[in-house]
């Protein structure tokens, strides 16, 4: 049972435009959500997170939106840069342990 | 550089063998998590330790075990290895052992079982 889903395996955008990566979850007990970026042969790199008590968190070019009623979150990257090309994972956790449940990832390609 | 170190970077071994993967968390982090990334399964949580004690378990096989030592480094032991155990194994650490804190990942150990 996939509790965290990223339904788009890939996304291609033009440099300077907005990239929107989406993630859906099924477990209403999740209370903390994170986005990670991963390059081949490297570990995931933490990007941004959001608590379930918020609906938006912003850090530079990265903004995460959370819609609890729809059990949906999204990551916006504005403006997109070629160096953003990587695999993006969303992850969710519950309060008691912090173990992360990951989506399958979305490969973002930003074209110059 | 996340501050989390993992050794070795690559490991090639035969079926039936036993290996040990090592992880040192970021300075000040008390919790260590182990994850497995295989081609068809994505990133899967295996086990968590907090300040030396097991905190949570995922779908970790009985052939796998882990521990966290007093200096907070952790080791993941994989025994009776099978071809299907070939994967990337990541260690992550966080300051506390509960949700609401970011986890920082090491570079991973690529295990190949032949």
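None of the figures in this text is laboratory data; all of them are computed from the coordinates on show. Since we're looking at a predicted model, the values are computed, not measured. Glycine gets a Cβ as well: all are built from the backbone with ideal geometry, and neighbour counts include every protein chain shown.
What to note about this one:
- Extension gain, residue B:114 to residue B:79: 0.36 nm times the residue separation minus the Cα-Cα distance gives 11.2 nm.
- Label-to-label distance, nm, for residues given as residue B:9 and residue A:14 (7 Å Cα→Cβ offset): 3.9
- From the alpha carbon centroid of the stretch B:65-114 to that of the stretch A:41-84 is 25 Å.
- Within chain A, the percentage of alpha carbon pairs spaced more than 17 angstrom apart rounds to 50%.
- Set of the stretch B:20-63 residues, backbone N closer than 14 Å to the point 7 Å along the Cα-Cβ line of residue B:96: B:29-31, B:51
- For the options B:87, B:56, B:66, a Gaussian network treatment of chain B with springs between C-alpha atoms closer than 10 Å singles out B:56 as fluctuating the most.
- Each Cα pair under 8 Å and six or more residues apart adds its separation to the average, and for chain A the resulting relative contact order is 37 percent.
- Take each residue in A:23-31, count the other chain C-beta atoms within 10 Å of its C-beta, and the mean is 0.
- Within the listed set B:58, B:99, B:16, the Gaussian network model of chain B (springs between alpha-carbon atoms below 10 Å) gives the highest mean-square fluctuation for B:99.
- Within the listed set A:22, A:96, A:67, the residue fluctuating most in the Gaussian network model of chain A (springs between alpha-carbon atoms under 10 angstrom) is A:96.
- Computed over chain B, Cα set: Rg, Dmax in Å: 13.2, 40
- For residue A:67 and residue B:54, a Förster radius of 41 Å and the Cβ-Cβ distance give a FRET efficiency of 0.70, rounded to the nearest 0.05.
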